Every structure is written in structure tokens, then in C-alpha cells.
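K.L.:
Next up is a structure, given as C-alpha cells.
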Amino acid sequence: MSSEYAALTGDYTLDASHTRIGFSARHAMVTKVRGAFDEFEGSFHVDGENPANSSGKVTIQAKSINTRNSQRDEHLRSNDFLAMDENPEITFVSTAVKAAGDAEFVVTGDLSIRGVTKSVDVTLEYTGSATDPFGNQRLGLEGSVVINRKDFGVSWNAALEGGGVLVSEKVTLELEVSAIKNA
């Protein structure tokens, strides 16, 4: 590991105003619907010299799902999809971190959606660090993971007349993270 990574060691808090937790899913077999969660919080510890000692947790408010279509968002909040009344939070808690190249890390963790917890591997790319105009040390990460929503009990669908289904089972979770080092 480079000395740059060693300098990153510390505790960080997600900057929600500069972080995107998004997703995309195929719709009607022909296009993608993209969305994001607008309310979340997270923190993580970075050990720049030994990434295996790093850890993190993110909590997302299911009700904050936003696909820029209020009717669709209400459906996604319902029991057909996220069942937010019974399961208001989506969580990810890391269980392992390992380096996977010069600037990539695989974060394994427990993802809980709709009361179902599964282990997933999220590949994150370190995109850099900088001191912002306010003196905060920032760290950037980007990554994604493909999950099967049915694994989490999100199984609603509608058949299409010509074959296929309205909503794909595979959903790509997309992460663009800006975190601030705690003082």
C-alpha cells in the first residue's frame, strides 16, 4: 500500500449532499429506470495500511426512494416492493474488506432489504482525496453491485404480452461516495 493510503487512515462520515446511492433496473425489457435514495447516513473506518481492518455501515430510509415519478415511487414503497411500513430501513454492514488492485477494494457485507439479509460483494474504486475549502479532508469512492431483488423477497412483477416481464430481477446498486474525515 502506498503512503497515500496510510494518510487516509481514520473515521469518516458520508456527506449526504455530495453522495449518491442509486440504482437501475430494466423496465419492459427495453430500457432502464434509474433512481436514488435521498435520505441515508453512513460512516466507515479506513485503515490505509491494512485494508482488512477497515469497516463501514450505511442506513437508508426506504421511503426516500426517488425515481422522479411519484406514482411509481408510491408503488415501490408498497408491499409489492420495499414494504417500507414494516421495513423502513435498508442497511449495509461490512464484514470484510480486501484490496483488489491499485485503487480497488472489495467490501463484503450484509445487505438487508425488506427484512431479508444477504451477503454481497461491492467493488469500490478509490477516486481520490482532497482538502475542501472548509478544511475538511474528503475521500471519494465509486462502485456498484448487481443483486437479484427476488433474493430479498421483492418479487412483484407483471408479464408482458409479447413475453418477458415488466421489471427485471437484476438491480444494479450504484454508489458515488464523498465522505468527510471526522475531526
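The values are calculated or read from the model by the stated rules, or taken from the named source; none is laboratory data. In this text, all values refer to a predicted model and were calculated from it rather than measured experimentally. Cβ atoms come from the backbone with ideal geometry, glycine included; neighbour counts cover every protein chain shown. Surface accessibility is based on the protein's heavy atoms, side chains included, excluding ligands, DNA and RNA. Shrake-Rupley method; radii C 1.70, N 1.55, O 1.52, S 1.80 Å.
K.L.:
Taking interchain pairs and intrachain pairs at least six residues apart, which have beta carbon atoms under 7 angstrom, with the first residue in the stretch 79-101 and touching a residue at least 40 places away in the same chain (Cβ under 8 Å) and the second surrounded by fewer than 17 Cβ atoms within 10 Å (Cβ to Cβ) and part of a loop (DSSP other than H, G, I, E, B)?
P.N.:
Between residues of the stretch 79-101 that are touching a residue at least 40 places away in the same chain (Cβ under 8 Å) and residues that are surrounded by fewer than 17 Cβ atoms within 10 Å (Cβ to Cβ) and part of a loop (DSSP other than H, G, I, E, B), the close pairs are 80/156; 81/156.
K.L.:
Within the stretch 1-103, considering only strands (runs of 3 or more DSSP E) that don't extend past its boundaries, which have at least 1 residues that are aromatic (Phe, Trp, Tyr)?
P.N.:
Counting at least 1 such residues, we get 10-14, 20-27, 31-37, 40-46, 89-99.
K.L.:
Got a number for residues in the stretch 111-134 being outside any strand (DSSP E or B) and over 17 Å from the mean Cα position of the chain (by Cα)?
P.N.:
Looking only at that region, the number is 3.
K.L.:
Any residue that is among the polar types (S, T, N, Q) and open to solvent by less than 50 Å² (accessible area, probe 1.4 Å) - is there at least one of those in the stretch 32-43?
P.N.:
no
K.L.:
I've got another one for you. Filter the stretch 44-53 for residues that are closer than 20 Å to residue 93 by Cβ and surrounded by fewer than 16 Cβ atoms within 10 Å (Cβ to Cβ); which is farthest from the chain's Cα centre (by Cα)?
P.N.:
Taking the candidates together, the pick is 50.
K.L.:
I'd like the residue in the stretch 54-97 that is among the basic types (Lys, Arg) and in contact with a helix residue (DSSP H, G or I) (Cβ under 9 Å, 6 or more places away or on another chain) and, out of all such residues, is least open to solvent (accessible area, probe 1.4 Å).
P.N.:
Step by step, filter the stretch 54-97, then rank; the result is 77.
K.L.:
Still on this structure, please answer the following. So which of 116, 122, 107 is surrounded by fewer than 17 Cβ atoms within 10 Å (Cβ to Cβ), in contact (Cβ under 8 Å) with a residue 24 or more places away in the chain, among the aliphatic types (A, V, I, L, M) and at negative phi?
P.N.:
Answer to the check: 116.
K.L.:
Hey, another quick one. Could you grab me the full set of residues in the stretch 8-28 that are of a type in the set (A, V, I, L, M, F, W, C) and farther than 23 Å from residue 57 by Cβ?
P.N.:
Those that are of a type in the set (A, V, I, L, M, F, W, C) and farther than 23 Å from residue 57 by Cβ: 25, 28.
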